[in-house]
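Enquirer: Below is a structure I'd like to ask you about.
The values are calculated or read from the model by the stated rules, or taken from the named source; none is laboratory data. In this text the structure is predicted, and so the values were computed from the model without any measurement. Note that we place each Cβ from the backbone using ideal geometry, even for glycine, and neighbour counts take in every protein chain shown.
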Amino acid sequence: QVQLVESGGGLVQAGGSLRLSCVASGTIWSINVMGWYRQAPGKQRELVATITRIGSTNYTDSVKGRFTISRDNAKTTVYLQMNSLKPEDTAVYYCAATRLGRNYWGQGTQVTVSS
């Protein structure tokens, strides 16, 4: 089992920044990919960014150039630096991990961007 705990969400004005953190614990060896997803009210959960165990990153088009995903050297914590936030970035942000073909999810952290 993999446990994921997110932190760092909150309320910020448009144009501001937030940094989300996700700490993985449990059976973390062989985690292939970690990433961030988000779900806005009335919308489906969508991919925001992912990072593989070798450091390759992927971003959804709407956040390219504004968000940066990274991880610590121990590969137990993943970060999402969010700059130039927009009201449309408002959502619950979920950390995810894929290990041996199984997906794990955190509880989510709320990000609210006011205009």
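Enquirer: Can you tell me which residue in the range 65-115 is surrounded by the fewest Cβ atoms within 10 Å (Cβ to Cβ), limited to those that are within 17 Å of ILE28 (Cα to Cα) and hydrophobic (A, V, I, L, M, F, W, C)?
Expert: Ranking the qualifying residues of the range 65-115, first place goes to ALA74.
Enquirer: So, VAL113, is that one part of a strand (DSSP E or B), in contact with a helix residue (DSSP H, G or I) (Cβ under 7 Å, 6 or more places away or on another chain) and either closer than 16 Å to ALA40 by Cα or at pLDDT 95 or above (or both) or not?
Expert: yes
Enquirer: Something else: Which condition breaks for SER84 when tested against (1) outside any strand (DSSP E or B); (2) within 14 Å of the chain's Cα centre (by Cα)?
Expert: The single condition SER84 does not satisfy is (2).
Enquirer: Right, here's the next one. Cβ-Cβ under 9 Å, sequence separation 6+ or interchain: first residue in the range 25-38 and touching a residue at least 12 places away in the same chain (Cβ under 8 Å), partner acidic (Asp, Glu). Which pairs?
Expert: TRP36/GLU6; TYR37/GLU46; ARG38/GLU46; ARG38/ASP89
Enquirer: On to the next question. Just to be sure before I move on: is ALA49 more than 11 Å from the chain's Cα centre (by Cα) and within 17 Å of VAL111 (Cβ to Cβ) in the structure I sent? Lay out the reasoning, then the answer.
Expert: Numbers: more than 11 Å from the chain's Cα centre (by Cα): no; within 17 Å of VAL111 (Cβ to Cβ): yes.
Answer is no for this residue.
Enquirer: Follow-up. hydroxyl-bearing (Ser, Thr, Tyr) and at pLDDT below 95: which single residue out of THR52, THR60 fits that description? Break it down into steps so the answer makes sense when it comes.
Expert: On the way: THR60 fails: at pLDDT below 95.
Answer to the check: THR52.
Enquirer: The conditions are (1) at positive phi; (2) in a strand (DSSP E or B), and LYS75 fails exactly one of them. Which is it?
Expert: Every condition holds for LYS75 apart from (2).
Enquirer: Across the range 99-115, which residue is farthest from GLN3 (Cα to Cα) among those that are within 16 Å of the chain's Cα centre (by Cα) and of a type outside the set (A, V, I, L, M, F, W, C)?
Expert: This residue is THR112.
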